[in-house]
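Report on one structure; see the data block that follows.
The values are calculated or read from the model by the stated rules, or taken from the named source; none is laboratory data. Just so we're clear, the structure is a prediction, and the values are computed from it rather than from any experiment. All Cβ positions, even for glycine, are placed from backbone atoms using ideal geometry, and neighbour counts span all protein chains on display. What goes into the accessible areas is simple: the full protein's heavy atoms, side chains included, and nothing from ligands, DNA or RNA. Shrake-Rupley method; radii C 1.70, N 1.55, O 1.52, S 1.80 Å.
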Amino acid sequence: MLWWQASAMIATRPAKGLQVLVIEDQHDIAANIWDFLERRGYVVDHAADGEQGLASAMNTMVDVIVLDLGLPRLDGLDLCRRLRAAGNNVPILMLTARDTLDDKLRGFAEGADDYLVKPFAMTELEARIKALHRRQPPQADQTLRVGSLSYNPTSMIATREGQSFVLTVAQSRILTTLMTLSPGVVSHDRLLRAVWGDGGGDRAALHTHVYALRGQIDRGFPSPLLHTVHGIGYRLAEPV
Ligand code: CA
């Protein structure tokens, strides 16, 4: 087998049995996604409006949600916010026709993990779904600790002085990297790779995720743990 055949096989290998909930009101787009993913071995569920989508997301075992931004009855952003507020941290890939930074950042602020602009190639959608589903390397139930903060990457629950925070996938990847390398400074590029793999994401998106993470672990505490190192990246450490 030639090297390019081998790499093509790896790139297109389906993730059998992965459960994907597609929340999309445009019938043709939903049907295309459904057909493509089912042929690739995924188990697909579909909701055509926000209320139904939220109910399905709360009640069924879902590995990844593909969420349209503009939905009847309950907007994609509101759905995202309500799902996260309920402690649900299933990875969310947001679809939008509006390619503005504003929409993307609002989506991330409400708890979306990644974002795809319509129209998109189905192979790109699948690559994003797989990347979102990829979890931290299984380090058993190892709990990371920095100062008063502890974090378990398996449960995705952080605790600080008796308060618990459920993190999103993106927040989890950022925090795990910062805690593993604490008290060292972690560069923007290293964090971008930790969240999106090679070649994905951008600085603005990273900053929004870090902002949301800071709101979880530092808000209300007298001494912040998450520090910005201007022009370089971030570090997580107790103040010296
Ligand atoms: Ca729509």
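Laid out as a table, the results:
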{"item": "Restricting region 88-181 to chymotrypsin sites (Phe, Trp or Tyr not before Pro) in coil, as DSSP defines it, with at most 16 other Cβ within 10 Å", "result": "PHE120"}
{"item": "Centre separation in Å (Cα based) which lies between region 85-115 and region 155-171", "result": "19 Å"}
{"item": "Lys, Arg +1 and Asp, Glu -1 on Cβ, resulting dipole of the chain about Cα centre, debye, nearest 20", "result": "820 debye"}
{"item": "Considering only the chain, percent of DSSP beta bridges that pair antiparallel, nearest 5", "result": "50 percent"}
{"item": "Distant alpha-carbon pairs in the chain (separation over 24 angstrom), percent", "result": "47 percent"}
{"item": "Calculated on alpha-carbon atoms, Rg and Dmax of region 144-236 in Å", "result": "12.2, 38"}
{"item": "³J(HN,Hα) computed for each position of region 36-46 - Karplus, 6.51 cos²θ - 1.76 cosθ + 1.60, integer Hz, glycine/proline x", "result": "4, 5, 5, 5, 8, x, 7, 9, 10, 10, 10"}
{"item": "Charge dipole of the chain about the Cα centre (unit charges at C-beta), most positive-ward option of LEU71, TYR234, GLY200", "result": "TYR234"}
{"item": "Accessible-area order (highest first, 1.4 angstrom probe) of the listed residues ASP68, ASP75", "result": "ASP75, ASP68"}
{"item": "Highest average packing first - 175-188, 121-134, Cβ atoms within 10 Å", "result": "175-188, 121-134"}
{"item": "Ordering of 203-214, 30-41 by burial proxy (mean other Cβ atoms within 10 Å per residue, highest first)", "result": "203-214, 30-41"}
{"item": "Mean Cβ count within 10 Å, highest first, over the residues of peptides 50-58, 89-97", "result": "89-97, 50-58"}
{"item": "Cα shape, region 37-139, gyration tensor, a/c 1.5 rule", "result": "rounded"}
{"item": "Alpha-carbon centroids, region 25-63 and region 219-240: separation in whole Å", "result": "39 Å"}
